[in-house]
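A.B. asks: I'd like to ask you about the structure that follows.
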Amino acid sequence: MTKRTLISGGAGFIGSHLCDFLLEKGHHVICMDNLLTGSMENIQHLLGHKNFEFIHYDITHYVYVQGKLDYILHFASPASPVDYLKYPIQTLKVGSIGTQNLLGLAKQKNATFLLASTSEVYGDPEQHPQSESYFGNVNPIGPRSVYDEAKRFAEALVMAYHRHHQLNTRIVRIFNTYGPRMRIGDGRVMPAFISQALQDQPITVFGDGSQTRSFCYVSDLVEGIYQLLNSNVHTPVNLGNDKEITILDFAKEVISLTNSRSTIEFHPLPQDDPKIRKPDLTKAKKLLHWEPKVSRKEGLVKTIRYFQEKLKL
Ligand code: UDP
């Protein structure tokens, strides 16, 4: 029997890679997206595939899907800081009401439910690296709270459905992920620096650039999500890459890999910008037998090529 899988946010960056991956695995994929930050371009190549359906829909309204569903993967949400500052109410609604609607659907269909959560649940962390047992340091009314608190609420809701209704659930806490199909203007550091470097424009480093991030290539992430889906782990699992770099060193790396003439320009650090971030991957390695394989250089070369084509350079 073919597995039928609903992916909310399926036209987004990670969602569309999941559509590709699960179609390859033989699933029938129903991609649902309201295209707020997702794009038809990301799934254009799948339209017409016999196992693929696209439904243009906002999951903050009651969700109806005909037929059986084996899996629901909830990836709908603005996810870049610039996007969720632009759409604060939608971000809160999709993380709360949207999650509730899809959990109700999962219960009705007896489907396995997977929530795309985030390293942002750890806020500006006081523990390094961040392990799943850390409760986080989130400002509940800061500019990032619309995303952080929505995801924290979503995790609570998923665990309640698991404990109260015995729903089969998974929670993945996704750390910074990059690759083709990121939107050039989404404001995140990876598309910003690459597009600036490719056009010899100044690289906009926020603060003094001493803050750190750890970047995971999208194919590694998708593999990890699939392993999690096929596991029996109901508690949150971190997925990402644990090679940490400062934003200033990252700017220099992008300049060098693109042979750019860009200079570095310092801008004010946004409020509540996490100073450090690196996943503790012990749990994923032990329970999912997964670890990231793609080096930053390898992933960056592929991503730079994608942006070159997008910018028609
Ligand atoms: N950043 C930067 N210049 C930019 C965009 C981002 O220096 O043009 C910094 C940002 O302040 C943060 C890091 O890069 O410290 C990663 O930011 P991003 O928006 O990619 O996502 P975050 O990891 O903060 O969720």
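A.B. asks: Out of Leu239, Leu313, report the one residue that is in contact (Cβ under 8 Å) with a residue 24 or more places away in the chain and over 22 Å from Lys25 (Cβ atoms).
C.D. replies: Answer to the selection: Leu313.
A.B. asks: Run Ile97 past the list (1) assigned to a loop (DSSP other than H, G, I, E, B); (2) closer than 25 Å to Phe135 by Cα and report the number of the one that doesn't hold.
C.D. replies: That leaves (1) as the condition not met.
A.B. asks: (1) in contact (Cβ under 8 Å) with a residue 40 or more places away in the chain; (2) in a loop (DSSP other than H, G, I, E, B): which one isn't true of Asn232, the others all being true?
C.D. replies: The single condition Asn232 does not satisfy is (1).
A.B. asks: OK, next. What tally of residues in the range 235-282 results from selecting those that are within 22 Å of Ala156 (Cα to Cα) and over 19 Å from the mean Cα position of the chain (by Cα)?
C.D. replies: Total satisfying the criteria: 0.
A.B. asks: Take the range 193-216 and flag every residue that is within 15 Å of Leu257 (Cβ to Cβ), near the ligand (Cβ under 10 Å from one of its atoms) and among the aliphatic types (A, V, I, L, M).
C.D. replies: Ile203
A.B. asks: Next question, about the same structure. Could you list, in sequence order, the residues of the range 33-59 that are part of a loop (DSSP other than H, G, I, E, B) and either of a type in the set (S, T, N, Q) or more than 24 Å from Lys3 (Cβ to Cβ) (or both)?
C.D. replies: Correct list: Asn34, Leu35, Leu36, Thr37, Ser39, Asn51, Asp58.
A.B. asks: How many residues are within 21 Å of Gln166 (Cα to Cα) and among the small types (Gly, Ala, Ser) when one looks only at the range 96-136?
C.D. replies: 7
A.B. asks: Could I ask something else about it? Please specify each residue of the range 21-33 satisfying the condition of being touching a strand residue (DSSP E or B) at 6+ places or on another chain (Cβ under 9 Å), surrounded by fewer than 24 Cβ atoms within 10 Å (Cβ to Cβ) and more than 15 Å from Val65 (Cβ to Cβ).
C.D. replies: The answer is Leu23, and nothing else.
A.B. asks: If you don't mind, there's one more thing I want to ask. Starting from the range 26-43, keep only residues that are aliphatic (A, V, I, L, M), then list their pairs with residues that are surrounded by fewer than 22 Cβ atoms within 10 Å (Cβ to Cβ) and modelled with pLDDT under 95 whose Cβ atoms are within a distance under 9 Å, requiring at least 6 positions of separation or different chains.
C.D. replies: If the second residue must be surrounded by fewer than 22 Cβ atoms within 10 Å (Cβ to Cβ) and modelled with pLDDT under 95, no pairs are left.
A.B. asks: Checking Lys312 against (1) on the phi > 0 side of the Ramachandran plot; (2) modelled with pLDDT of 95 or more, which test does it fail?
C.D. replies: (2)
A.B. asks: Scan the range 225-282 residue by residue and report those that are surrounded by 15 or more Cβ atoms within 10 Å (Cβ to Cβ), of a type in the set (Lys, Arg) and more than 12 Å from the ligand (Cβ to nearest atom).
C.D. replies: Matches in the range 225-282: Lys252 only.
A.B. asks: Still on this structure: Determine whether the range 161-184 contains at least one residue that is buried (at least 20 other Cβ atoms within 10 Å of the Cβ), assigned to a loop (DSSP other than H, G, I, E, B) and within 12 Å of the ligand (Cβ to nearest atom).
C.D. replies: yes
Yes or no, residue by residue, for (1) part of a strand (DSSP E or B); (2) in contact (Cβ under 8 Å) with a residue 40 or more places away in the chain; (3) surrounded by fewer than 20 Cβ atoms within 10 Å (Cβ to Cβ); (4) among the hydroxyl-bearing types (Ser, Thr, Tyr):
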| residue | (1), (2), (3), (4) |
| --- | --- |
| Gly10 | no, yes, no, no |
| His61 | no, yes, yes, no |
| Gln66 | no, no, yes, no |
| Ala76 | no, yes, no, no |
| Val82 | no, yes, yes, no |
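A.B. asks: Mind listing just one residue for me: the one in the range 100-145 that is in a helix (DSSP H, G or I) and among the basic types (Lys, Arg) and, of those, nearest to Pro81 (Cα to Cα)?
C.D. replies: Applying the filter and picking the extreme gives Lys107.
A.B. asks: Looking at Ile264 and the list (1) in contact with a Lys or Arg (Cβ under 7 Å, 6 or more places away or on another chain); (2) in contact (Cβ under 8 Å) with a residue 60 or more places away in the chain, which single condition is not satisfied?
C.D. replies: Failed condition: (1).
The values are calculated or read from the model by the stated rules, or taken from the named source; none is laboratory data. These numbers come from a predicted model, not from an experiment. Counting neighbours? That spans all protein chains shown, and the Cβs are built from the backbone with ideal geometry, glycine included.
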